[in-house]
Amino acid sequence: MTIEIGAPCPIIRIFDEDKARDFYLDYLGCSVDWENRSAPGAPLYMQISRGALRLHLSEHVGDATPGAAIVIPIKGVRALCAELTDKPYRLYNPSVEAAHWGGLVMELIDPFGARLRFQED
């Protein structure tokens, strides 16, 4: 039997749906793949994506820990940085830094404390 392990899909804890949509959809350019609420007014759980990146955003208590870091492999980190710099998002002025191993890194912190580390080797 062949074993195939898929790419991980991190869960990011969110505390405000509007702020999450503003950051992940409007600013980062992700799309909503699906969203779920067990009942009207219940916490939101949704999957977003951009290219091969998939993330789950959850308002459910205990689903994830704020402040976690997620490494996101990327080709074209400078182009993404330029795209984000051109957007009128008042909380960020992203930059690309040289990493100690010789690659490039752009790190963003979402409105809830999660660190998104876009890493190009």
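Consider Glu4 carefully, then state whether it is more than 14 Å from the chain's Cα centre (by Cα) and buried (at least 17 other Cβ atoms within 10 Å of the Cβ). Criteria not met by Glu4. One residue stands out among those in segment 50-85 that are of a type in the set (Gly, Ala, Ser) and within 18 Å of Gln119 (Cβ to Cβ): the one that is modelled with the lowest pLDDT, which is Ala68. When we screen Val61, Val96, Val77, Val71 for residues that are more than 25 Å from Glu120 (Cβ to Cβ) and not hydroxyl-bearing (Ser, Thr, Tyr), the only hit is Val61.
Collect the residues in segment 1-49 that are outside any loop (DSSP other than H, G, I, E, B) and among the polar types (S, T, N, Q), keeping them in residue-number order. The answer is Ser31, Asn36, Gln47, Ser49.
Set side by side, the residues Pro94, Pro88 differ, and just one is at pLDDT below 95 and closer than 20 Å to Ala114 by Cα, which is Pro94. Among the residues of segment 68-97, those that are in contact (Cβ under 8 Å) with a residue 40 or more places away in the chain and among the small types (Gly, Ala, Ser) comprise Ala68, Ala69, Gly76.
Scanning segment 56-67 for residues that are surrounded by 14 or more Cβ atoms within 10 Å (Cβ to Cβ), part of a loop (DSSP other than H, G, I, E, B) and among the hydrophobic types (A, V, I, L, M, F, W, C) gives a single hit, Ala64.
Applying the criterion of being more than 11 Å from Leu55 (Cβ to Cβ) and touching a residue at least 40 places away in the same chain (Cβ under 8 Å) to the residues of segment 7-21, the residue that is surrounded by the fewest Cβ atoms within 10 Å (Cβ to Cβ) is Ala7.
The values are calculated or read from the model by the stated rules, or taken from the named source; none is laboratory data. Note that the coordinates shown come from a computational prediction; the quantities given were computed from them, not determined experimentally. Heads up, the Cβs are rebuilt from the backbone with ideal geometry, glycines too, and the neighbour counts pull from every protein chain shown.
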